Structures are given as C-alpha cells and as structure tokens.
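The values are calculated or read from the model by the stated rules, or taken from the named source; none is laboratory data. All values derive from a computational prediction rather than experimental measurement. When we count neighbours, we look across all protein chains shown, and the Cβ atoms used for this are built from the backbone with ideal geometry, even at glycine. Side chains included, ligands, DNA and RNA excluded: accessible areas come from the protein's heavy atoms. Shrake-Rupley method; radii C 1.70, N 1.55, O 1.52, S 1.80 Å.
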Amino acid sequence: MPTLTPTQLLLELEPVVAENLDRHLAIAKDWMPHEYVPWSKGRDFDVEPWEPSQSTLSPVARVAMEVNLLTEDNLPSYHREIDSRFGRDGAWGTWVHRWTAEEGRHAMVIRDYLLVTRGVDPDELERGRMQQMAQGYDSGGKNILEAMAYVSFQELATRISHRNTGRYTEEPVAEKLLARVAVDENLHMVFYRNLVKAAFEVAPDKTMAAVADEVIGFEMPGAGIRGFARKAAQIAKAGIYDLRIHHDDVVQPVLRHWGVFEMEGLAAEGQAARVRLAEFVAGLDASASRFEQQRAEAAAKTAARRAAASANA
Ligand SMILES: [Fe+2]
Ligand SMILES: [Fe+2]
C-alpha cells in the first residue's frame with residue numbers, strides 16, 4: 001500500500017474518531033471539580049502564611065501531587081500539539097476541544113485541593129507553574145501516528161500515576177479526587193488506543209514503526225519540570241510510578257491489546273520495528289527487575305540501620 005499523506009490518514013480514521021467520540025460522550029460523566037475540594041479548610045495566606053507543617057500529606061505525597069499538577073498545567077502546549085496534528089475539522093476537531101475541556105479540570109481540582117489544604121508552598125507552586133508553562137512542551141515533531149501512539153501510553157501512564165498518588169497520600173479526599181481524574185485519563189487512553197488499533201489496519205508498518213519509536217523514546221510529559229529527575233526518583237522509590245509499573249501496567253497491556261506480537265502480514269519496515277520494540281521491552285523488563293532489587297536492598301539497609309540505632313539508644 002502506498003504511504004498515506006497526513007490528510008489521507010486523518011480522513012481514513014475520521015469514522016473511527018466519530019464512533020469513539022460518540023462512545024466517549026455516552027460514557028464520560030460530567031463531574032464538578034468544586035465538589036472534590038474541602039473548601040472549609042481554606043484560610044487566607046496573608047493572615048496565616050504557609051508552612052510545611054500545615055499539610056497532613058507526607059513529603060513524597062506532596063512531591064507526587066505537585067508533579068502531577070505541574071504536568072497538567074501545561075495543557076495549552078498539549079492542546080497545541082494535538083491540534084496541530086489532528087486539526088479542528090469534523091470529529092477530530094470536536095475531540096480535540098472536548099479532550100482539552102476535560103483536561104482543564106485536572107489542574108483546577110488538584111490546585112484547589114493543594115491550596116486549600118496547604119499541601120504545597122503556594123509561592124513555589126506558582127513559580128513552578130510559570131517556569132513550566134513558559135518553557136512549554138514540545139513533543140519533538142511527531143507525525144500523526146507517533147502522536148497517537150504516544151498519547152495512548154501517556155494517558156495510561158498519567159492515569160496510573162494519579163491513581164497511585166491518591167492511594168499513597170492515605171488521605172481520603174485526595175484519593176477520591178485523584179481517582180476521579182484517573183477515570184478521565186483512562187477514557188482518554190481507551191479513545192487513543194482504539195484509534196491506533198484502527199491505524200494498524202490502515203497503515204500497519206508505519207503504525208508499528210510509530211509504536212516502536214514511542215515506546216523506546218517514551219518520556220513523561222512533565223519531564224521539563226524543574227528538578228524532575230530527583231522528583232521522579234522519589235516517586236519511583238515510593239512505588240507510585242516506577243519502571244516495573246511502566247512495563248507491567250502501561251507498556252505491556254497496550255501492546256497486548258493491539259496484538260502487536262501476533263500481528264501477521266507486516267512488510268520489512270514493520271517487522272524490523274517490531275524486533276526493535278521487542279528488544280527494548282525485554283530490556284525494560286530487566287531494568288525494572290534491577291531497580292526493584294536495588295530498592296529492596298536499600299530499604300533493607302535503612303531498616304537495619306534504624307534497628308541498630310534504636311538498639312543503641
Ligand atoms: Fe489530565
Ligand atoms: Fe488525559
């Protein structure tokens with residue numbers, strides 16, 4: 001099959017977008033961000049300045065929520081990314097705007113929660129938001145198939161990171177609101193995952209190449225946050241989002257859903273891409289196991305040190 005132009009590809013997939021948009025609108029529940037925020041806890045910052053002891057969340061839970069929020073904050077850039085790939089016409093355009101409107105709630109509800117409960121230093125948060133949005137987000141010139149493949153993994157990664165952050169807080173209000181956000185991310189993932197599945201039928205080799213490239217080069221959308229590497233390490237150490245989760249709960253389920261490793265009829269380009277993908281995923285699995293082992297060893301050492309210190313006390 002000759003390579004489709006971007007416009008041909010968008011037109012080919014438009015009926016699938018329309019069908020999935022209808023499905024999405026039928027099951028997505030309207031929800032009110034303000035109903036998830038404990039407003040009665042709010043106090044004026046000029047009367048009672050912020051200090052860390054005011055939050056009931058652990059330091060790592062606060063870091064995770066802050067990373068999730070700053071990631072969501074860059075929505076204008078994400079909108080530009082998908083708008084420039086998928087366009088504003090027809091069902092694609094309706095989806096782009098609807099998706100953006102749904103995503104808008106996420107930063108809103110997390111920010112309101114963190115400010116009202118004093119979970120973050122509000123000045124630091126605002127400086128972080130300015131830095132994050134001023135630098136913007138650039139996916140690096142992905143084509144349509146790459147953009148669709150990326151968001152399939154990214155929406156699922158975001159869903160899991162919100163959900164696990166919520167659990168980690170051990171704070172029922174935070175857990176409830178992050179679980180609600182995670183439901184949205186899951187529906188977004190399903191939408192894109194279905195589109196990629198259809199793309200495999202329209203352009204199997206190019207789609208396989210896009211999927212391989214996006215899995216191999218995957219980076220969380222919040223990677224530009226100041227201090228991201230250090231924060232991501234804390235989040236991984238806490239088991240909120242680590243390589244094992246990325247491999248087992250994000251990469252593998254999506255690849256399985258598409259039947260990537262059972263797909264027949266691929267030409268040389270698609271086959272070569274699948275080999276690269278399989279090698280990378282095996283390496284990711286091995287790295288995940290190494291990370292788990294190192295984390296367990298470090299935890300055992302800390303426990304032993306603590307036991308020795310309390311025996312000497
Ligand atoms: Fe979101
Ligand atoms: Fe999303």
- Using a 1.4 Å probe, what is the accessible area per residue for region 1-145, in Å²? 51 Å²
- Note on the structure: Residue span Q135 to A101: 0.36 nm per residue of separation minus Cα-Cα distance leaves a gain in nm of 10.1 nm
- Relative to the longest principal axis of the chain, what angle (0 to 90°, nearest 10) does the C-alpha long axis of helix 90-116 take? 10 degrees
- Calculate how steeply helix 122-135 sits against the longest principal axis of the alpha-carbon atoms of the chain, using the helix alpha-carbon long axis, and give the answer as 0 to 90 degrees to the nearest 10. 20 degrees
- Query: Quick one: helix 172-202 against the long Cα principal axis of the chain, what's the angle to the nearest 10°, folded into 0 to 90?
  - Reply: 20 degrees
- Message: How much accessible area per residue does region 205-313 have, counting only protein heavy atoms and a probe of 1.4 Å, in square angstrom?
- Response: 54 Å²
- Given 128-138, 272-282, 61-71, 200-210, the highest-first ranking by average Cβ count within 10 Å works out to 61-71, 200-210, 272-282, 128-138
- Query: For K206, which aspartates and glutamates qualify as cross-link partners when the Cα separation must be under 19 Å and same-chain residues fewer than eight apart are set aside?
  - Reply: E12, E14, E146, E214, E262, E264, E269, E279
- Entries of K29/K237; K197/K237; K231/K301 with Cα pairs more than 31 Å apart: K29/K237; K197/K237
- Message: Please enumerate, by chain and number, the lysines with C-alpha under 19 Å from the C-alpha of K41, excluding those fewer than 8 residues away in the same chain.
- Response: K176
- Taking only DSSP H segments of four or more residues, each worth -39500 (n - 2.57), what value at 222 nm results for the chain once the sum is divided by all its residues, to the nearest 500 deg cm²/dmol? -24500 deg cm²/dmol
- Estimated distance in nm for a label pair at A272 and Q252, the labels positioned 7 Å out from Cα along Cα-to-Cβ: 3.0 nm
- Query: Where the centre of each part is set by its Cα atoms, how far does region 83-134 sit from region 200-275, in angstrom?
  - Reply: 24 Å
- How much length, in nm to one decimal, is gained on full extension between R290 and A307, taken as 0.36 nm per residue of separation minus their Cα-Cα distance? 3.6 nm
- Convex hull (Cα only) mean projected area of region 1-89, reported in nm² to one decimal: 10.3 nm²
- Note on the structure: Net charge (Lys, Arg +1; Asp, Glu -1) of residues whose beta-carbon lies under 14 Å from that of A296, A296 excluded, is +2
- If R0 = 41 Å, then E262 and R88, at their Cβ-Cβ distance, give a FRET efficiency to the nearest 0.05 of 0.65
- Among W95, W50, A149, flag the residue with its Cα farthest along the positive direction of the charge dipole of the chain, charges on Cβ as +1 for Lys/Arg and -1 for Asp/Glu. W50
